[in-house]
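Every read-out reported here was derived from the displayed coordinates using simple, explicitly stated rules and does not represent laboratory data. Not measured: the values here are computed from a predicted model. When we count neighbours, we look across all protein chains shown, and the Cβ atoms used for this are built from the backbone with ideal geometry, even at glycine.
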Amino acid sequence: MPSAPNALELSLENAIDAKYIEEKRQIIAELPEGSKAFEFFPKAILPKLNLNEIKAMIRGNGYVIEEGKKAVELRAKNYSRLVEILAELQRNGINTAAIEPERQFLILNSLDYRRIIVKSFYKEIAIDKTLTIKPKEIISSLLEVSEKEAYEFAKKIALAKILHLKLADVSKKNRAELNAVFAENIFFKAGAYLYPIKQENLESNAELTFEKALQLFKIMQEYNIAPDSINCNCKRCKERILASSIVEVKAKSDGVFIDNPLQGIDELFHYNYGRKKQRIARQRNFYLHRIPIGPLSRKETKNICLADVNDYVEIVRIVVPQHSCYKKSRMIMELEKFLKAIKELEAIRDGHQKLLAREKKLIAWNMDAKILYLNAAIESMKELFSGFISLAYNYFLGFEFGLALRATKKAAKNKRILKLLNC
């Protein structure tokens, strides 16, 4: 029995369903031509800790752990054992979400977002144990009744395929919860640890537009900013300083303030240092978005974020360097694949519209089932991408990740700081 599929053995975009059989430790992929079994051992990604410390927290056996550059991979003999181990670790302060084995299998082995979306329009998908449907037929039927219902159903189909969820599970989740699933998938595929996102953080996440999310992603690409690439152990990467590094600065004169420091840094400084009334007064009088750092006396030194350095202070030394790996982040590469698929789907949609126009069959684009489905898929993918970048920017995918992204965005406007960055 094969331990994992490859492009020749299994085309997952053709899969009707995938089922985990725990007693056999198998994933059964339901294909149009029949079932195919694959040996499967579910896993979880843990934070980078000493392996002996982790082992001391786990009673019994039935698992293996392996240390990576930025995280620890734990693989269990079956899903029940994985859940038991994660519960033990949680009691010791290590929180990791348990991803369903079917979703794990599909995340790790799916080949192409575009092909999955396109083929799922025509192929059967499972609704429950006994019922399968063909999206093309359902969407076409719904279009005759309600364009809105057809579009909402098309989005659910697309989200189920993109996120590797059951259709029923997609229906139970709101947009914020679907964003969290997408983040889980991306982190899992990249082998990076994701601290479970709190419900209140999901609900308070201020989502960016797709265009603004793209601008931030370009910063991620240029400086290789991602959880699996920040602060690696490679000696070669130590000089690739990020703008989120903590530096010691010295004030050039009396009464120096640093206005609008990075979110999070402002609160830390305000909490830890005196002269709070002066900071609050300056924030109020100058209509500042955040509490300033200061006031500093001449030659007084303080530790601040490199991105917050201004012309009224001089850098003494780097106290806590932050750097990015010279090897391209796996997470960034996965997000690039996702964006590429969006462009490809847009091209397929546009080509189909032109074909219908030439054949004079197109009355309105939204009355063609395929175009409606592709638009629903494209919109869903753009929402997921924007949600992911928003969660990162708002610190909900890790403080280190969010700070590096915010700091680099701010530093991009400061030529003095850019000279210090060797990226």
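Enumerate the residues in the stretch 43-60 having an amide nitrogen under 11 Å from the point lying 7 Å beyond the Cα of Gln90 toward its Cβ.
None, by backbone N distance to the label point.
Based on Cα coordinates alone, diagonalise the gyration tensor for the stretch 19-74, multiply each eigenvalue by 5, take square roots, and list the semi-axes in whole Å, largest first. Numbers along the way, then the final one.
On the way: eigenvalues 195, 37, 8 Å².
Taking √(5λ) for each Cα gyration eigenvalue gives 31, 14, 6 Å.
Using only alpha-carbon positions, what ratio does the radius of gyration of the stretch 57-188 give when scaled by 2.2 N^0.38 Å?
On the way: Rg = 18.3 Å, N = 132, 2.2 N^0.38 = 14.1 Å.
Cα Rg divided by the expected 2.2 N^0.38 Å: 1.30.
Once the Cβ-Cβ distance between Asp311 and Ala206 is put in as r, and R0 is 30 Å, what FRET efficiency do you end up with, to the nearest 0.05?
After rounding, the FRET efficiency stands at 0.45.
So what's the projected area for the chain, the Cα convex hull averaged over all directions, in nm²?
Values: hull surface 102.2 nm².
Across all orientations, the chain yields a mean hull projection of 25.6 nm².
Show me 321-328, 141-148 ranked by packing, highest mean number of other Cβ atoms within 10 Å first.
Output ranking for 321-328, 141-148: 321-328, 141-148.
Please give the Cα centre distance for the stretch 337-408 versus the stretch 268-316, rounded to the nearest Å.
41
Which helices, taking whole DSSP H runs in the chain, have alpha carbons extending 27 angstrom or more along the helix axis plus mean Kyte-Doolittle at least 0.5?
Long hydrophobic helices here: 369-393.
Please compute the alpha carbon radius of gyration of the stretch 246-320, then divide it by the globular-protein estimate 2.2 N^0.38 Å. Two decimals is fine.
Computed over Cα atoms of the stretch 246-320, the ratio equals 1.00.
Per DSSP helix of 4 or more residues, -39500 (n - 2.57); summed, then divided by the residues of the chain. What does that give at 222 nm, rounded to the nearest 500?
Computed mean residue ellipticity for the chain: -14500 deg cm²/dmol.
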